[in-house]
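Trainee: Take a look at the following structure, please.
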Amino acid sequence: MKTGFRVLAWCVAALVCASTFLSWKTSRDLLPLPGSLDLGNSEVRKPRVTDRNGRLLSITRLNRWNGEITPLNEFPALLRQAFVESEDRRFYRHAGVDWRARFHALVQNVRAGHVVRGASTITEQVVRMLHPRPRTFWSRWLEGIEAARLDACFSKPEILEFYMNQVPCGHQMRGVPEAARFYFDRDPDTLNEREILALAVLVRAPSSLDLRRNPAALRKGVARLASHLLQNGRFTDDQYRRAMSARLELSRPAERVVDASHFVQHIFKTAGPELRGAGAVISSTLDADLQESVRRILRERLDALASSDVGNGAVLAVDNGSGDVLAWVSDGAPGPDSGDWIDGVSVPRQPGSTLKPFLYSLAIEMGWTPATIIDDLPLVEPVRSGLHEFKNYSRTCYGPLRLREALGNSLNTPAVRTVQFTGTARFLEWLHLLGIDSLKEPADFYGQGLALGDGEVSLFELVRAYSVLARGGLFRPLQCLAGWRGLPDRTRRIMDAKTASTIADVLSDPQARRLEFGEGHLLRFPVQTAVKTGTSSDHRDSWAVGFSSRYTVGVWMGNFDRRPTRGITGAIGPALVLRSVFAELNRYGESARLPVAAGLKRVNICAVSGLLAGPHCPQVSEIFEAGKAPVETCRLHDDFPKPPGVPAPSSTSRSGASGGDDPLRLVQPVEGLQIAVDPRIPRELQAFAFKLPKKAEASRVEWVLDGKTAGVTGGDRFVWRIARGMHRVKARVWRSESGDPVETREVSFTVR
């Protein structure tokens, strides 16, 4: 007896505990209901946005709600009845949850052994829209309670109106009015009986019952719904016959609302309050036909590169004259992990070599010319407490080159030597002037790697900066609204027109890039176009940016989750998209050659030295600003055909851009360097090279380590067998046997 009592007591206690826990968890997980279901007067009601020709642009793909609200009394009575009959036959009789329907669904599901029928009421579906949750039994429990509360707080017409305007209809659409325009290009009050029934059945499973992809799947559902409406007196015999005999005349897909969701979101983020009023229509600068063509071009290229694990891309095209944005596309491979909510146009990514034209434009503003000689030789520079060896993409060094060749071939070591000349801080300030605002850290944070794309910038900023070059050095904000003309002119001059014209000439010169890209590369466009590609480290980001006399276009490819691609470079991936987009743009009118700024003249120079061409020199034609052309004639080839050495001409060179008057210093090691001993290699086989710069021209060097002579060499390099500890090293350099030595500054380093 006592044992039975204890069991009963334990059962009661367990039941009380379970009930208490259920009550507590339910109370914790329930979410508050909104104060109103009328979205027409709330901040989510956003204006409609059209392209430059009045064509509607998509706004619901990235919005939680459809802000274009149709009052319930403007829906045809048959449409309201069809949705209630199809989705929730007892809608006007239950209190939010149809327990009878739930019981019948449970019986059917148990008999079938799997879920064959749901029993969500319209009220519960509204709760699911308001409070999205994973589809679990616990979620159904919470939805039932919240549905009862919703039914108690709002009238049936209010709930039905919300549902009709916000129900998901596939293709990122919300609401019956948008589905009616998408499939039939008509408003709901003009639909016939069969079209009404098709939409009512569609919302049960928008993906599998898509009217275009799978019209046959709708037939049984439409026939069944028509029979129910006839039996319940909602249909006359004539209406039933028309519903069963009529054909669905779908509008052409090309007539649908244009997908420009990210562009529209940008407008909403940047628009003033006067443009966000309910019911307003905003006319944008976008060209809907071009938008769809560019999206198709990008999608086809991404599909072709699927095996290279590149899943996302973005394209931005603008008009140089007006600054109007003509196409704004961000796309990715379909699927749950596509990241289609991310805007590839505005998200900062590593720009690779695409910043180099701005670096060389700054150097030209500071006195260089396209003929300035820059060393393309191996370069090791300190980075924080270590050394970094800068290399070209091809791992080839070409020796001293003219600026035109260094930029055209996108070489890395000349770019680093150029930023040593301009200074990183000044280069960063220059980029800020060009509208690249994402680089928010101080110059020391980026270091000389800024010349090679360290840091992150957005495609929007990059295209805006390149449009400055296209516009002859004038900065103009990019425009997204068609009615901006008449506002104060915000154009300002950033760089000299001659500088911009010079950079444009280099980037549009196929011969300037032949060392790395070859002669017949796809960067050679039919219409003169300045083109630059870029690839970030580990092939995570690839870019191609170009401008003609009329347009500037930028293309980015990569993965939104930042995983690397399989070897995709700017020349492999985005370049073909860039070429195709310019071919599409050039269909809209004649494109002229890039303009040449007044004050530039062409001079024949030596292709090797950059000086005025002598009679035996290999000659090239180069453009110079008045007063900056070389005046000295090249004598390098006077003894032709003797194999030439390559000098560093003082009139056009800055000794490899490092300055000829710099004090002698060690290249290796640098102050604070930390060297790690490799435990996998015997200590006696591990060594480190002390180095002087090549220009030291040393005939004899004494290497002094920790106050003692470690060795004497006849050149600029000494190999030292490493030893753990803190060390100090300097070099005494004799440039001739009779002269006095020059001593470098002592450098401290550590071997761990």
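Any read-out appearing in this document is the output of simple, stated calculations on the displayed coordinates, not a laboratory observation. Because the structure is a prediction, the values reported are computed rather than measured. All Cβ positions, glycine included, derive from the backbone under ideal geometry; neighbour counts span all protein chains shown.
Trainee: If I fit a long axis through the Cα atoms of helix 261-270 and take the longest principal axis of the Cα atoms of the chain, what angle between them do I get, 0 to 90°, rounded to 10?
Mentor: 80
Trainee: Report for the chain the percent antiparallel among DSSP-assigned beta bridges with both residues inside it, nearest 5.
Mentor: Working: 75 of 86 bridges.
If I count the DSSP bridges inside the chain, around 85 percent turn out antiparallel.
Trainee: Within segment 673-751, what percent of beta bridges assigned by DSSP are antiparallel, to the nearest 5?
Mentor: About 90 percent, rounded to the nearest 5.
Trainee: Hey, what do the phi angles of segment 592-606 turn into as Karplus ³J(HN,Hα) couplings, whole Hz, using 6.51/-1.76/1.60 and θ = phi - 60°, x for Gly and Pro?
Mentor: Taking θ as phi minus 60°, the curve returns 8, 5, 4, x, 9, 5, 5, x, 9, 9, 9, 9, 7, 10, 6 Hz for segment 592-606.
Trainee: Next up: So if R0 is 25 Å, what FRET efficiency would V380 and K440 give, r being the distance between their Cβ atoms, rounded to the nearest 0.05? List each step's numbers first, then the result.
Mentor: Numbers: r = 29 Å, r/R0 = 1.16.
The computed FRET efficiency comes out at 0.30.
Trainee: In addition: Based on the mean of other Cβ atoms within 10 Å per residue, sort peptides 396-408, 125-137 so the most packed one is first.
Mentor: Ranking the peptides 396-408, 125-137 by packing returns 396-408, 125-137.
Trainee: Let me know the whole percent of all Cα-Cα pairs from segment 709-752 that are separated by more than 12 Å. Walk me through the intermediate numbers first.
Mentor: On the way: 652 of 946 pairs.
Across segment 709-752, Cα pairs with separations above 12 Å total 69 percent.
Trainee: Shifting gears a bit: Test of understanding: express the Cα radius of gyration of segment 117-258 as a ratio to 2.2 N^0.38 Å, with N the residue count.
Mentor: Expressed relative to 2.2 N^0.38 Å, the Cα Rg reads 1.13.
Trainee: Now for a different question. In deg cm²/dmol and to the nearest 500, what is the mean residue ellipticity at 222 nm of the chain if only DSSP H runs of at least 4 residues count, each as -39500 (n - 2.57), divided by the residue total?
Mentor: Helix contribution divided over all residues of the chain: -10000 deg cm²/dmol.
Trainee: Could you run the Karplus curve 6.51 cos²θ - 1.76 cosθ + 1.60 with θ = phi - 60° over segment 721-733 and give me ³J(HN,Hα) per residue in whole Hz, x for Gly and Pro?
Mentor: 6, 6, 9, 4, x, 8, 9, 10, 9, 8, 10, 9, 10
Trainee: Taking the dipole about the Cα centre of the chain, with the C-beta of Lys and Arg at +1 and of Asp and Glu at -1, give me whichever of F184, V12, S293 is farthest to the positive side.
Mentor: V12
Trainee: Moving on to the next point. Would you mind checking the tilt of helix 99-112 against the longest principal axis of the Cα atoms of the chain, expressed as 0 to 90 degrees and rounded to 10?
Mentor: Between helix and principal axis, roughly 70 degrees.
Trainee: Using the Karplus curve 6.51 cos²θ - 1.76 cosθ + 1.60 with θ = phi - 60°, what ³J(HN,Hα) values do you get for each residue of segment 221-226, in whole Hz, with x for Gly and Pro?
Mentor: After applying 6.51 cos²θ - 1.76 cosθ + 1.60, I find x, 5, 5, 5, 5, 4 Hz.
Trainee: What is the calculated FRET efficiency for A95 to D678, with r their C-beta to C-beta distance and R₀ = 56 Å, to the nearest 0.05?
Mentor: After rounding to 0.05, the efficiency reads 0.15.
Trainee: What angle, in degrees between 0 and 90 and rounded to the nearest 10, separates the Cα long axis of helix 574-585 from the longest principal axis of the Cα atoms of the chain?
Mentor: That helix lies at roughly 70 degrees to the long axis.
Trainee: Order the peptides 715-723, 349-357 from the highest to the lowest mean number of other Cβ atoms within 10 Å of their residues.
Mentor: Details: 715-723: 14.8, 349-357: 24.9.
Highest-to-lowest ranking by the protection proxy: 349-357, 715-723.
Trainee: Hey, another quick one. To the nearest Å, what is the center-to-center distance of segment 166-192 and segment 400-477, using C-alpha atoms only?
Mentor: Measuring centre to centre over Cα atoms gives 48 Å.
Trainee: Packing-wise, with mean Cβ within 10 Å as the measure, how do 91-104, 187-200 rank, highest first?
Mentor: Order by mean packing, descending: 187-200, 91-104.
Trainee: What residues have an amide H closer than 5 Å to that of R493, excluding those fewer than 5 places away on the same chain, when H is modeled at 1.01 Å from N in the peptide plane?
Mentor: It is F475, by chain and number.
Trainee: Also, I was wondering about something else. In the chain, what cysteines have no partner Cβ closer than 4.7 Å?
Mentor: Those would be C11, C17, C153, C169, C397, C480, since no other cysteine Cβ in the chain comes under 4.7 Å of theirs.
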